[in-house]
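For reference, the structure discussed in these notes is given below.
Values quoted throughout were computed directly from the atomic coordinates according to the rules given, and no laboratory measurement underlies them. For clarity, every value in this text was computed on a predicted model and none was experimentally measured. Positions of Cβ are backbone-derived with ideal geometry, glycine not excepted, and every protein chain shown enters the neighbour counts.
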Amino acid sequence: MLRGRENEAVLSADASTAELRGDVREGQVVAVRGPLAVVAPQNEDRLVECVLRKSTRVPHPQSTALVVGDFVSYLSGAAEPYTLTEVKPRRSRLARTREEEEQVTAANVDLGVIIASAVEPHFKPRLVDRYLIAAREGGLDPVLVVNKADLLGENEAAELLEPYGRLSIEAVATSATSGMGLERLTEILRGKTSVFAGQSGVGKSSLVNALIPDLDAKTGEIQGHTGKGRHTTTASTLYRFPFGGSVIDTPGVRSFAMGQPAEESLHEFFPEIMAAAQNCKFSNCSHQGDAGCALPAAIRSGAVHPDRLESYLTLVHRAGVR
Ligand code: GDP
Ligand code: ZN
């Protein structure tokens, strides 16, 4: 993936005149390796390799230049890699922010599927909340998948999902090993473009493999083209579902820094906290031991889970609210 300011350094030299011949074609990026993109041409059942040039028109200077899911135009010249002429504006994106520059992991997707695991690694509500908010703010519908549910008792899985059941999002417990929850997940994903995001080790690849039985053949196709050998989990890749739709599998990240959540995101993703806060004595209550704060009572009554409050406070006080 290329970040805005770093684009210059990794761009190939300008194309020779010979490379600039050919018809303009359209396609979608299915994998990115440095300045090279594997592109699925529109209405053609093959993959071509394209390269980002200095001359390529990129409409988002403050953001990653080229990511999986981007729609592009390229010149189909004599030999690959073909020259990219244009990266199209994105209708949605999953991004994390690094200073003023946006680091995009996937573009033009419908669903931001946040994969967490029940255990091994432990469920991390703060990471989950940040992903859910980043998905919504990037124009995606967030979905929460809690995988490895086979390692939990039935009640434990239900308890874990309970706070998310109150939100206007789909939340499902799955097991890539036992197949639990996969039918429901299939129905959620059918016909949509999704991005799978989450910490590494939660089972993202295992879920992709469970949903796409002949996946190995398909990754082989992409590898053959880039000549980079085995699929590495360090880059995002787009796969088509046999039941319709597609998924962009992204590399796992340990942390997910994000900018300031919008006030409306806090209302959407922390409704139980916002409801309890109505009873705080002061409207500017910080819910951190302030006099007359209603949150301690809400936690004692079970209306607010302490992990959720901690997640909320981290988001609000680390980033500030806009
Ligand atoms: P990724 O890094 O998110 O892509 O995670 P992987 O798919 O590589 O899985 C990490 C480990 O968890 C592997 O050892 C998998 O076999 C295991 N795993 C994945 N899904 C499940 C599951 O549903 N249940 C259990 N018990 N193990 C799982
Ligand atoms: Zn309060």
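Tabulated data for the structure shown
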item	result
GLU263 paired with GLU44, simple spin-label distance in nm, labels 7 Å along Cα-to-beta-carbon	5.1 nm
Pair THR97, MET274: separation of 7 Å Cα→Cβ label points (nm)	1.9 nm
Theoretical gain in end-to-end length, LYS88 to SER55 [0.36 nm per residue, Cα-Cα removed]	10.5 nm
Global form of the stretch 93-249, assessed from the alpha-carbon gyration tensor, a/c cut-off 1.5	oblate
Exposure proxy ranking, count of Cβ atoms within 10 Å, fewest first, for MET180, MET274	MET274, MET180
GluC sites (Glu not before Pro) restricted to the stretch 80-141 and DSSP loop, no more than 12 other C-beta within 10 Å	GLU99, GLU100
Mean-position separation - Cα centroids, the stretch 146-201 and the stretch 292-314, in angstrom	25 Å
